[in-house]
Amino acid sequence: MQMLHFRKLVIPLAAGLGLALTTGAWAQQSAGATPPDQQHSELSAQATGVFWRSTNISNVTSGEIDQHIATNSVGLLLGYRYHFNSWEALEAEFGYTQNGQRYYTPATAGGASGAAYAINSRMFDVDANEVITTPSLLGIFQPFVLAGGGMLGFVPRANPYGANNQWRPMFDYGAGLDFHIFHLGARLEYRGLIFKVPDFGLAALNTNKFTHIASPSLGLVFTW
């Protein structure tokens, strides 16, 4: 059932991203915007760190979440980038990791004890970004900056408290450096992800707050 929900969400989004990239590429090529020796396409595979910011909520009342903490983790990020010219590209990415979400409710003055909730989940990242690059420096280096958005999916590994699969809209930004030799290369990158704290569809875990993930990554790039 979880995989069925995942496919229903990811397949249409992936098809839309592919159509957008294909349409943009056709338009740029028709206008003659790229030099004939430009390598248009890149496939990348990167190991990523996923470092969460803890969320504290002030002025809590009885029954409200006081703190959300997620475990840091290591994940995988796969991407396709299409270069229209030496300065502009679009990319689509898919990321995966596993982590734990922790929610804490404080004890109240009325004598009610505090509570702690823990949900281990898989986390999926589906996004599209506008990428601004520079022409190749010294023939091998290419810095870039990016910004875009997409969706983060949280799929509980078990079903504690009746937790459900949940997708959150996400904005991301970042910068990095590519190192190219012929068709092979390496990529050093940093991305920041901003989105609402997941609650897995449970009112008791709703913080109504945004959080941030810092995600440095390092990997390989194949261009053609």
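The values are calculated or read from the model by the stated rules, or taken from the named source; none is laboratory data. Keep in mind that what you see is a predicted model, and the values were worked out from it rather than measured. Reconstructed Cβ throughout: ideal geometry from the backbone, glycine too, with neighbour counts over all protein chains shown.
Scanning for something closer than 28 Å to Gln39 by Cβ and out of contact with any strand residue (DSSP E or B) (no Cβ under 7 Å at 6 or more places or on another chain), does the stretch 175-184 turn up at least one residue?
yes
Given the options Ile213, Ile181, Ile194, name the one that is surrounded by 19 or more Cβ atoms within 10 Å (Cβ to Cβ) and of a type outside the set (Ser, Thr, Tyr).
Every option except Ile213 fails the conditions.
If we keep just the residues of the stretch 188-205 that are among the small types (Gly, Ala, Ser) and in contact (Cβ under 8 Å) with a residue 12 or more places away in the chain, which is farthest from Ser54 (Cα to Cα)?
Within the stretch 188-205, the match that is farthest from Ser54 (Cα to Cα) is Gly201.
Would you check which residues across the stretch 26-77 are at pLDDT 85 or above and of a type in the set (Phe, Trp, Tyr) and list them?
Phe51, Trp52
When you look at Arg168, is it without any contact (Cβ under 8 Å) to a residue 40 or more places away in the chain, under 30 Å from Arg102 (Cβ atoms) and surrounded by fewer than 19 Cβ atoms within 10 Å (Cβ to Cβ), yes or no?
yes
It is to be established whether one or more residues within the stretch 157-168 are at pLDDT 95 or above, more than 27 Å from Thr223 (Cβ to Cβ) and among the aliphatic types (A, V, I, L, M).
No, there is no match, as no residue in the stretch 157-168 is at pLDDT 95 or above, more than 27 Å from Thr223 (Cβ to Cβ) and among the aliphatic types (A, V, I, L, M).
Sort out which residues of the stretch 41-56 are of a type in the set (A, V, I, L, M, F, W, C) and surrounded by fewer than 22 Cβ atoms within 10 Å (Cβ to Cβ), and write them in order of number.
Leu43, Ala45, Ala47, Phe51, Trp52
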